[in-house]
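Everything on this sheet refers to the single structure shown next.
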Amino acid sequence: GGHLHISLWDPSGQTNLMAADDDPQGLGLSPLAYAFLGGIIKRMDALIAFLAPTVNSYKRMGVGAPTSGATWAPAYATYGMNNRTQAIRIPAPGRIEIRAVDGSANPYLAAAAILAAGIAGIEENADPGKPNLENLYTLSAEEIEARGIRTLPANLLDAVRASETDEALRSWLGNCGKEDYLDYFCSVKREEWQEYHAQVSDWELRRYLTLF
């Protein structure tokens, strides 16, 4: 993972605009921070292609507890305090940790995409909902669905499909001359997925090409 920590300060650099002592949720976040957070959660499916931009990125993300005990990769578009089963963690007052960022991400594109989603959330006064305080790995798929919790895209193609229709990303990333940058990025990533998908892996050979 390549987790990204975000806080927002006033021009003087003296006041963290995301911090609040009177947060009723007890996370130390201001209303502005919650709106920013709401924009990210609303658009998390679209962000993932920028935060986890390779085929291999999705091998670490998935539903279920890790068998090694060494990693707690995000699987859901939710947030909470010291909880590593979801995409966003609040590690301290006035700070947001985006845990869905992969180590292979371009940090400039990842940061730009997150800012696009967060600032759109501020403009919309987006509601992120209540924080999750549970280990989501222990809940059944039926319980997750009943709570309205979204599972993150399971592969690069699903992530690209979500990205290419997001207008906040399209507006922020702009035009690169012949086309919108979002269209260029998604086209490149679709080609990457197709090249991967056309390969026959050792697993497929072992699984399906069995001689009796």
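The values are calculated or read from the model by the stated rules, or taken from the named source; none is laboratory data. What you see is a predicted model; the values in this text were computed from it and never measured. Counting neighbours? That spans all protein chains shown, and the Cβs are built from the backbone with ideal geometry, glycine included. Keep in mind that these areas ignore ligands, DNA and RNA; they rest on the heavy atoms of the full protein, side chains included. Shrake-Rupley method; radii C 1.70, N 1.55, O 1.52, S 1.80 Å.
Here are some notes:
- Relative to the longest principal axis of the Cα atoms of the chain, the long axis of helix 31-42 makes an angle of roughly 20 degrees.
- Relative contact order of region 85-152, taken over Cα pairs closer than 8 Å and 6 or more residues apart, is 24 percent.
- Comparing 177, 2, 118 along the charge dipole axis of the chain, the residue lying farthest to the positive side is 2, per the Cβ-charge model.
- Inter-centroid distance (Cα atoms) of region 191-212 relative to region 106-164, Å: 30 Å
- Think of it as helices only: each DSSP H run of n ≥ 4 in the chain is worth -39500 (n - 2.57), and spread over all residues that comes to -11500 deg cm²/dmol at 222 nm.
- Per-pair calculated FRET efficiency, R0 = 25 Å: residue 109 and residue 194 via Cβ, rounded to 0.05: 0.75
- Full-stretch length increase - residue 134, residue 175 - with 0.36 nm per residue and alpha-carbon distance subtracted: 10.6 nm
- Charge dipole (the chain, unit charges on Cβ, about Cα centre) - positive-most of 35, 188, 56: 56
- When the charge dipole of the chain is built from unit charges on Cβ atoms (+1 for Lys and Arg, -1 for Asp and Glu) and taken about the Cα centre, the candidate among 107, 208, 163 whose Cα reaches farthest toward its positive end is 208.
- Taken about its Cα centre, the chain carries a charge dipole of about 560 debye when Lys and Arg each add +1 at the Cβ and Asp and Glu each add -1 at the Cβ.
- Value of Rg to Rh for region 133-212 (Rh from inverse mean 1/r over Cα pairs, i.e. Kirkwood): 1.16
- Placing R0 at 30 angstrom, the Cβ-Cβ distance between residue 158 and residue 124 gives a FRET efficiency of 0.80 after rounding to 0.05.
- Coarse-grained scattering of the chain at q = 0.14, 0.17 Å⁻¹, given as base-10 log I(q)/I(0) from a Debye sum over alpha-carbon atoms: -0.87, -1.21
- Computed log₁₀ I(q)/I(0) - Debye formula, equal Cα scatterers, no solvent, region 84-131, q 0.20 Å⁻¹: -0.84
- Helix axis angle, 107-124 relative to the chain longest principal axis, alpha carbon, degrees: 50 degrees
- When you filter the trypsin sites (Lys or Arg not before Pro) in region 153-185 for DSSP loop state and at most 12 other Cβ atoms inside 10 Å of their Cβ, you are left with 178.
- Our note on the geometry: Cα centres of region 1-56 and region 167-187, 23 Å apart.
- Average accessible surface for the chain: 54 Å² per residue, computed with a 1.4 Å probe over protein heavy atoms with every protein chain in place.
- Residues residue 210 and residue 92, FRET efficiency given R0 of 41 Å [Cβ-Cβ distance, rounded to 0.05]: 0.20
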